[in-house]
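Notes follow once the structure below has been shown.
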Amino acid sequence: MADKILMKGNEAIAAAAIKAGCMHYFGYPITPQTEIAAYMAKVMPKIGGTFLQAESEIAAINMVYGVASAGKRVMTSSSSPGVSLKGEGLSYLAGSDLPALIVNVQRGGPGLGGIQPSQSDYFQSTRGGGHGDYHMIVLAPASVQEMAELTVKGFELADTYRMTAMILADGTMGQMMEPVSIDDLKVNPAPEKPWATTGTKMAREHNIVNSLSLVPEELEELNFKRYDRYKVIEENETMYEEYMVEDADIVLAAFGIAARVSKNAVDEARKLGIKAGLIRPITLWPFPKAPFKAAAEHAKAFISVELNMGQMIEDVILATESKRPVTLCNRAGGMIPDPAQVLNAIKEVNGGIA
Amino acid sequence: MHYKRLTILCGHYGSGKTNIAVNMAFDLAAQRENVAIADLDIVNPYFRSKDSEDEFKARGIRLICSDFASSNVDLPSMPADLYSITDDKSMSVVLDIGGDDRGAYALGRLRDAIKAENDYEMLMVVNKFRPLTPDAESTIEVMREIEWACGIPFTGIINNSNLAGETDADDVLGSLTYAEEVAKLANLPLVLTTVEEKLYDELKDKISPLFRLKLQARPV
């Protein structure tokens, strides 16, 4: 195994992106993701890549559109308010079927909000992020190593399905330091992109990358085709982790940093003889419905643990088909629930079902 | 450890400056009266010396720190009592400077007074396990950038090579060659190697001088 290095989550994303063959990065500084841009600024010039601090988030996402059109792996990153600014660009990327990786290291909102960690952009990211009918593949890492692994995975999925993938992290994941191995990351080479605008060399028809489609019949057909592709993704690309779910009476749902806290709470609950378990969605879109549906057969109740006012809980209710009660255990505005709060929520629910 | 009046800690961001600064302030307060810690980090609003505010109070350590640190206001600003660091010569101060050259610009404002008084150590904190400083050459590059930004030359190296919770004794022992090489290339002494409490006993006879770190700034 290659040597481990001590990295911030943000640095791991940047290093993994370069490892994945991303040679073009466009960004704009915002806490708590600035280390991504800082890392790119240091490293890209040394390896012949592009680092560009754009004049705004909107400019950066449109530069991403340009590089993606040329068929190259490309990335931008920001934090919540900055991702909102990128919303138009995200929709245009979707409308043009362009692959790119977007990173959102979330902070508390709404508005300018704060700088502390949050998961309150769940709705925004899992429902597309901009206007129109579309999805992004949304990946939720829960460790610095996973920040790196899912970055590589994000580029691969984006290329495979010609769509944007998003790393949905939070301030804690971005700032925390853990040992990580970048050299060991496995990267599949980017697929051929015959649609890319790379010059015809007078040997083929022009490729046109465009999101404008004024004939409604044609635009409808494009939407239908896109959603056929989404169906394939839902079937093949859903990722999740289960922890002690098999015999669980109470199943927690949590992603990212909330899943780490929840895992500790599950261990504590088990010590008290409460059969708790955890389902950690790794893809937030597509949402892993199957494990929730299966768990609803034996579990008596679900608890959604989130750093927001209750967003993923709606997907948990849908996935469990409302067969069991789902309650919320949360903090918001940059606060993080601690294992004791989650354990209390488990105890409370356990009292209700015992 | 023997301290000059000013102990200035600089380094690559994430090298461990804040943890070392907090521990040095505790150590210094056990030796002397009138000790202060100055948090001049204008780069990272996430991990700050200010996070240990209560422990400073308990030890009578004065905290010189921006009013906006850890306040959810993402505003790089300098503390109002910044000049007391150089004006009040009865006070011993540990200075925690922000990461890289960008963080070191803040220190530049005190440059002339610090050099004129000439009672300081300017220490470069290094960690070979950090991605942008894996060898002596790259570390020296960061050092030069910091010196250029603040205008104060380094006087020594602190080896804080670690892999957070996964660090073992061999990692620290293995980092000594790197730290000595940095020191040699920089033509400066290797002043200290720092380790977490749990490794201290195992390493105290093998590394000298060795400084024990009680971890302060840690995320959940």
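The residues listed here are A:Ala70, A:Ala41, A:Ala20, A:Ala15; of these, the one that is of a type outside the set (Ser, Thr, Tyr) and without any contact (Cβ under 8 Å) to a residue 60 or more places away in the chain is A:Ala41.
Considering the range A:1-24, and only residues there that are in contact with a Ser or Thr (Cβ under 6 Å, 6 or more places away or on another chain) and farther than 18 Å from A:Leu168 by Cβ, the residue that is nearest to the other protein chains (Cβ to nearest Cβ) turns out to be A:Lys4. Within the range B:148-190, the residues that satisfy the criterion of being touching a residue at least 40 places away in the same chain (Cβ under 8 Å), open to solvent by less than 40 Å² (accessible area, probe 1.4 Å) and outside any loop (DSSP other than H, G, I, E, B) are B:Ala149, B:Cys150, B:Ile158, B:Asp171, B:Ser175, B:Tyr178, B:Ala179, B:Val182, B:Ala186.
Checked against the criterion of being touching a residue at least 12 places away in the same chain (Cβ under 8 Å) and closer than 20 Å to A:Ile353 by Cβ, the candidates A:Glu242, A:Glu246 yield just one match: A:Glu246.
If you go through the range A:321-354 and keep only what is more than 14 Å from chain B (Cβ to nearest Cβ), of a type in the set (A, V, I, L, M, F, W, C) and under 17 Å from A:Tyr122 (Cα atoms), you end up with A:Leu328, A:Cys329.
Let's see how each residue does on (1) at pLDDT below 95; (2) among the acidic types (Asp, Glu); (3) buried (at least 19 other Cβ atoms within 10 Å of the Cβ):
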position: A:Ala203; (1), (2), (3): yes, no, no
position: A:Arg229; (1), (2), (3): no, no, no
position: A:Val232; (1), (2), (3): no, no, no
position: A:Glu268; (1), (2), (3): no, yes, no
position: A:Gly273; (1), (2), (3): no, no, no
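The residues on offer are A:Gly71, A:Gly109, A:Gly130, A:Gly95, and the sole one that is surrounded by fewer than 24 Cβ atoms within 10 Å (Cβ to Cβ), over 27 Å from A:Ala190 (Cβ atoms) and in the same structural domain as A:Ile30 (by TED's automatic domain parsing) is A:Gly109.
Selection over the range A:139-177 of residues that are more than 12 Å from chain B (Cβ to nearest Cβ) and either at pLDDT below 95 or out of contact with any strand residue (DSSP E or B) (no Cβ under 8 Å at 6 or more places or on another chain) (or both) gives a count of 7. Of the listed requirements (1) farther than 27 Å from B:Ile42 by Cα; (2) more than 14 Å from chain B (Cβ to nearest Cβ); (3) among the small types (Gly, Ala, Ser), A:Gly27 misses just one: (1). Output the residue which, of all residues in the range A:315-354 that are of a type in the set (Lys, Arg) and more than 30 Å from A:Leu112 (Cβ to Cβ), is surrounded by the most Cβ atoms within 10 Å (Cβ to Cβ). Among them, the one singled out is A:Arg324.
The values are calculated or read from the model by the stated rules, or taken from the named source; none is laboratory data. The model shown is predicted, which means the values in this text are computed figures rather than measured ones. Glycine also receives a Cβ, built like all others from the backbone with ideal geometry; neighbour counts cover every protein chain displayed. With ligands, DNA and RNA removed, areas are computed over all heavy atoms of the protein, side chains included. Shrake-Rupley method; radii C 1.70, N 1.55, O 1.52, S 1.80 Å.
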